[in-house]
Amino acid sequence: MMLLAAGTDETSKWISNNFTEFVTTWRIPIVIVVTILAAIIVRLILRHSIKGVVDRVVTGVKRRQGSEDTQALIASPVQAARVVQRTRTLGSVLENLATVVVVIVALAVIIPQVLPNAAVGIVGGASLVAAGLAVGAQSIVRDLLSGIFMLLEDQAGVGDVVDTGQATGVVENVGLRVMQIRDVNGILWFVPNGQILRVGNLSQGWSRVLVDITVPYDTDIDAVQDALLRAAVTMSQEPRWRQRIVEKPEIWGLQSVSDGGMVFRLVVKTRASELDVVGRELRIRLKRAVDELGVTLPAMAMVMPAGWENATSINGLRSVRTQPTPAPTKSRKPKRNLLGQPITTDDTEDRR
């Protein structure tokens, strides 16, 4: 038993000594390999977690689009695409950020092991390189940061009608660096996020349709207001418009009195995406309501298109074309001498 115990102790010491010697000899490679493996594992875990969250959000949006719930019916495919794109973009940003953080931490662990004396110099050089990149790529960094905050704050999304000052139209894509906006003429504008100082979003929350109706002075004020409000309320109660109009229409009364007549204003609060559709139908209903009262609307003032003096055709209107009129010239009288006889010159001979 004692011999067996002694042999076991010697074996343990030999294994311990060899392991210690192995670790001492190969310490730096072991640290590097372990750090790289740990970085890869952490990177895969973070990527899988982020991808799982993104997939759950996207799947939830698609499932809601297939349901028959009222709120799901209100949501349009454009709004669903907006949620999907925003989620995927944020997921891509988080994946890239996680990769950068893992790589930086891994390098911070590996570099002192490989070059212990040069660690300070490497850190200083990296600081200089980072400063140079920060100065040379200020616009890119500003665009990326603005894009991240724009996505996080949900300032604009796919399908929104926005006014950025530089371009106004429908948002077709929201990226980390640029926003793509297509205007009413079909031009696709690429606006860098860093240059967008303000965003006016016409598609978020609710909007308000304001309609001004001008009637002659001799019109009964109460009758006009009742007719306008009755037409708007009737429209808001119809099944087609019930989901688009969020509040009961209001008549704001007499707004102004001018040389053209009296101006009445009616407002309707609608969903943001239904502003134009509701506005067009509401104007038709109000025009019919005024016609039923027998009220004749004042004549509209003539509108001159901008740039008319330089245009030959605008919206089918053509300017009058005239023929040039030659300017009258006086006939030359022939020169005469003292006796009254005409003097012959070379010009006279040529005319003959």
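The values are calculated or read from the model by the stated rules, or taken from the named source; none is laboratory data. Since the model is a prediction, treat every value here as computed from it, not as a measurement. Using ideal geometry, Cβ is built from the backbone for each residue, glycine included, and neighbour counts are taken over all protein chains shown.
Elements of the type strands (runs of 3 or more DSSP E) sitting completely within region 143-257 and holding at least 2 residues that are without any contact (Cβ under 8 Å) to a residue 60 or more places away in the chain and of a type outside the set (Val, Ile, Thr): these cover 168-174, 178-182, 188-192, 206-215.
When restricted to residues that are surrounded by fewer than 19 Cβ atoms within 10 Å (Cβ to Cβ), under 34 Å from the mean Cα position of the chain (by Cα) and farther than 30 Å from VAL158 by Cα, region 252-274 contains 2. Residue-level check: of (1) over 30 Å from PHE149 (Cβ atoms); (2) in contact with a strand residue (DSSP E or B) (Cβ under 8 Å, 6 or more places away or on another chain), ARG240 misses just (2).
Across region 31-41, not a single residue is classified as out of contact with any Cys (no Cβ under 6 Å at 6 or more places or on another chain) and at pLDDT below 75. Quick one: would you say ARG47 is modelled with pLDDT under 70, basic (Lys, Arg) and in contact with a helix residue (DSSP H, G or I) (Cβ under 6 Å, 6 or more places away or on another chain)? Spelling it out, it is not the case that ARG47 is modelled with pLDDT under 70, basic (Lys, Arg) and in contact with a helix residue (DSSP H, G or I) (Cβ under 6 Å, 6 or more places away or on another chain). Tell me, which residue of region 162-214 that is farther than 30 Å from GLN225 by Cα and charged (D, E, K, R) is surrounded by the fewest Cβ atoms within 10 Å (Cβ to Cβ)? It comes out as ARG198. Condition check: modelled with pLDDT of 70 or more, in a loop (DSSP other than H, G, I, E, B) and either surrounded by fewer than 14 Cβ atoms within 10 Å (Cβ to Cβ) or aliphatic (A, V, I, L, M) (or both). Does ALA98 satisfy that? Here the answer is no, as ALA98 does not meet what is asked. Filter region 258-291 for residues that are closer than 18 Å to TYR217 by Cα, touching a residue at least 12 places away in the same chain (Cβ under 8 Å) and part of a helix (DSSP H, G or I) and give the result. Scanning region 258-291 gives ALA289, VAL290. Condition check: acidic (Asp, Glu), within 30 Å of ILE30 (Cβ to Cβ) and either modelled with pLDDT under 80 or more than 11 Å from the chain's Cα centre (by Cα) (or both). Does GLU153 satisfy that? The answer is no for GLU153.
Of the residues in region 221-239, how many are in contact with a helix residue (DSSP H, G or I) (Cβ under 9 Å, 6 or more places away or on another chain) and more than 14 Å from ARG288 (Cα to Cα)? Final tally of qualifying residues: 1.
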